Amino acid sequence: MSDNGAASAATQRHATAVLEGTSRRGRLGRLLPFLGPAFIASIAYMDPGNFATNIQGGAQFGYLLVWVVLASNLMAMLVQALSAKLGIATGMSLPEVIRQQFPRAATWSLWVLAEVVAMATDLAEFLGAAIGFYLLFGIPLLPAALLTAVVTFAILALQRYGFRPLEAVISAFVGVIGVSYLIETILGRPDFAAAAAAVARPQFAGTESVLLAAGILGATVMPHVIYLHSALTQNRIVAHDPALKRRIFRYEVVDVLIAMGIAGLVNVSMLMMAAATFWETGRGVTAESDIILEAFRTLTPLLGGAASLVFAISLLASGLSSSTVGTMAGQVIMQGFIHRQIPIWLRRLITMLPAIVVIALGVDSTRALVLSQVVLSFGIPFALVPLVLFTRRRDLMGDLVNRPLTTAVAALVAALIIALNVFLLYQTFFG
């Protein structure tokens, strides 16, 4: 992955000129060579699992949980910035640092767990794309799943032309999702004053709202993109001077703020659209096990065919792009933890098999999404805790070591996310 993540020679020259202060381009032109990694990572925060939780939150509780979505997005910004910083400072991905710093037995155990989590994540994303094809074109889910495989193979094949084309395609998917939910927001005409009031006065409305908030917050950080983001920045723009590394990180922070800001707005728009469409009209989405399909079906009589069409397009873009990113993360995980690599088409084939089996057996697709999130929740601490531990060490990070306040905030965020995921796991199995 380190080779694939490197910028092209032209991008490297452009970035070097910016870092050395010799670039004559404008502010946007100086920023462009550093944009991309966070946009790829941000796809995980707009995946089909987010569709289900945000729609359910808006349909059941209106604008009440808008503040939860915003808070979770701020946490995600911090975590992804730390992951990017680790790659810049060490020249290694998080799995590679774990292999270097942890005992062999621990490394292999973490690799197995990371692979299981990556496959569970890919299941959710693959199913989302298949549902998108079904909603848009009426293609049955099994053929839609096979079509998803073909399209993601084609997207991943762009890596042979360098990493910039793949970044451009993923960023275009981010744009499609963002524009789709801008249109949905305009059509749905949500109550912005009510949303602002919910942010100004954070609160809950009973146990069920707390559980749903825990679901939104607990699924905020995706372990596979914590691993991936560090790999995307490790050799992308090469600099050995500590001062230049600090400048690269400042640009990458802007990349994170823009990309994750778009992801946050999309998630808020999802929830507000559901609030305006279902909660305000008293026509709630009640079938929790089939919430995505029911939301699509009920949008048409409420807002017209354009709304449901835009919803399906955004879901398809989300599923295809997040499935592609999931496969990329799988490559980083294997190469980093055990220093092995398999052809990307073989990894794509292996990771899509569970989704095809689920669809072929007729298992409820949204229920499978929920169960995959449970597996993902279990893996979060094993990526998040090492990230916080490593970024606080000066011997690893050099001048990019966390400040004490950053470490304290990151540790607090990690503790909160882990506690919420433990709570969700307990509720799933014993609640």
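Readers should treat all values here as calculations from the given coordinates under stated rules, not as data from a laboratory. For clarity, every value in this text was computed on a predicted model and none was experimentally measured. Cβ placement follows ideal geometry from the backbone for every residue including glycine, while neighbour counts extend to all protein chains displayed.
Assorted remarks:
- A Cβ-based charge dipole, computed about the Cα centre of the chain with Lys and Arg at +1 and Asp and Glu at -1, lands at about 1360 debye.
- Across E280, E252, E96, mean-square fluctuation computed from a Gaussian network of the chain (C-alpha pairs under 10 Å connected) peaks at E280.
- Dipole axis of the range 4-85 (+1 Lys, Arg; -1 Asp, Glu on Cβ), positive-most option in A81, W67, A10: A10
- Positive-pole candidate from P103, L141, A124, dipole of the range 31-151, charges at beta carbon: P103
- Highest-first packing order for the peptide set 418-424, 229-235 is 229-235, 418-424, based on the mean count of other beta carbon atoms within 10 Å.
- Contact order, relative form, for the range 27-430: 38 percent (alpha carbon pairs under 8 Å, 6 or more residues apart, mean separation divided by residue count).
- Unit charges at the beta carbon, dipole of the chain: most positive-side option, G305, F382, N54: F382
- D by Stokes-Einstein for the chain, Kirkwood Rh over Cα pairs, 20 °C, 1.002 mPa s: 99 µm²/s.
- With at most 11 other Cβ atoms within 10 Å, longest stretch of the chain clear of loop trypsin sites (Lys or Arg not before Pro) (DSSP): 25-339
- Mean Kyte hydropathy of 0.0 or more with a Cα span along the axis of at least 30 Å, helices from DSSP in the chain: 66-90, 104-137, 163-188, 242-274, 305-338, 404-430
- Net dipole in debye of the range 15-134 [+1 Lys, Arg Cβ; -1 Asp, Glu Cβ; about Cα centre; nearest 20]: 560
- Highest-MSF residue in the chain out of A15, A193, A360 [GNM, Cα springs under 10 Å]: A193
- Rounded Å value of the spacing that divides the Cα centres of the range 372-426 and the range 289-334: 28
- The range 154-260 - Rg (one decimal) and Dmax (whole number), Cα, Å: 19.3, 54
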